[in-house]
1. Wrap a convex hull around the Cα atoms of the chain, take a quarter of its surface area, and give that in square nanometres.
2. Ignoring everything except DSSP H segments at least 4 long, calculate the 222 nm mean residue ellipticity for the chain; use -39,500 (n - 2.57) per segment, divide by total residues, nearest 500.
3. Any of LYS44/LYS92; LYS71/LYS92; LYS71/LYS136; LYS44/LYS98 with alpha carbons more than 24 Å apart? Name them for me.
4. What percentage of the solvent-accessible surface of the chain, computed with a 1.4 Å probe over protein heavy atoms, is contributed by carbon and sulfur atoms?
5. Can you give me the accessible area per residue for the chain, using a 1.4 Å probe, in Å²?
6. Which is the longest stretch in the chain that no exposed loop site breaks, taking sites as chymotrypsin sites (Phe, Trp or Tyr not before Pro) with a DSSP loop state and at most 14 other Cβ atoms within 10 Å?
7. From largest accessible area down, sort ARG68, ARG52, ARG25, ARG73; use a 1.4 Å probe on the protein chains.
8. For VAL72, tell me the accessible area in Å² from a 1.4 Å probe, rounded to the nearest 10.
Amino acid sequence: MSVLAKLTVKTVTRANKQDPVQQRRQKLMAGIEEQLKVAAAAVKGESYEVRRKVWAKNEHGEKVLAERMRKVRAWFFEQDGGWYVQCKYGSKALELGKGGNAVFVKELDDVEGALQALHAAVAAGELDEVIENMMKFRTTKPFESKRSEQKIVAGS
């Protein structure tokens with residue numbers, strides 16, 4: 001009797017626990033919550049850092065899991081006599097309305113209010129369509145090696 005014959009084998013498809021729209025919304029809200037911490041640290045004149053786990057080599061040359069501090073990049077910057085606050089999904093700034101991708105505030109203290117307004121908009125689902133449109137136009141083409149491209153050129 002084979003080993004597989006002893007096992008109970010069934011066909012199953014894994015169900016997503018959450019709707020993709022809800023997952024994207026949660027991801028963006030988590031990013032905004034992190035930016036609220038960055039803004040609070042910026043008001044105090046500090047930088048906000050988080051612990052990240054990375055694989056590194058120890059003194060014996062072995063790969064080990066280590067914790068490192070990483071500075072979080074702010075979604076806001078000073079320009080034109082005020083502060084611009086962007087809402088980013090991944091590395092792309094989302095369009096917030098009528099061709100604009102940033103909220104303008106006069107003071108650094110007002111950045112937190114703008115981020116809270118963006119958080120409320122995301123929670124209400126106002127940016128779902130913008131995120132969906134961005135996901136449609138992202139460049140995720142199947143990987144093609146350079147060798148296959150060279151064969152096509154050479155074969156022409």
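The values are calculated or read from the model by the stated rules, or taken from the named source; none is laboratory data. Just so we're clear, the structure is a prediction, and the values are computed from it rather than from any experiment. Every residue, glycine among them, receives a Cβ derived from its backbone with ideal geometry; neighbour counts consider all protein chains shown. Heavy atoms of the whole protein, side chains included, go into the accessibility calculation; ligands, DNA and RNA do not. Shrake-Rupley method; radii C 1.70, N 1.55, O 1.52, S 1.80 Å.
1. Working: hull surface 79.8 nm².
Its average projected convex-hull area is 19.9 nm².
2. Numbers: 4 runs with 57 residues, N = 156.
Calculated at 222 nm, the ellipticity per residue is -12000 deg cm²/dmol.
3. Numbers: LYS44/LYS92 27 Å; LYS71/LYS92 19 Å; LYS71/LYS136 30 Å; LYS44/LYS98 34 Å.
Going by Cα-Cα distance, LYS44/LYS92; LYS71/LYS136; LYS44/LYS98 fall outside the 24 Å limit.
4. The nonpolar share, carbon plus sulfur, comes to 50 percent.
5. Working: 12410 Å² over 156 residues.
With all protein chains present, the chain gives 80 Å² per residue.
6. On the way: sites that count: PHE137, PHE143.
By the stated rule (loop sites, at most 14 other Cβ atoms within 10 Å), 1-136.
7. Values: ARG68 130, ARG52 95, ARG25 40, ARG73 200 Å².
Putting ARG68, ARG52, ARG25, ARG73 in descending order of accessible area: ARG73, ARG68, ARG52, ARG25.
8. 10
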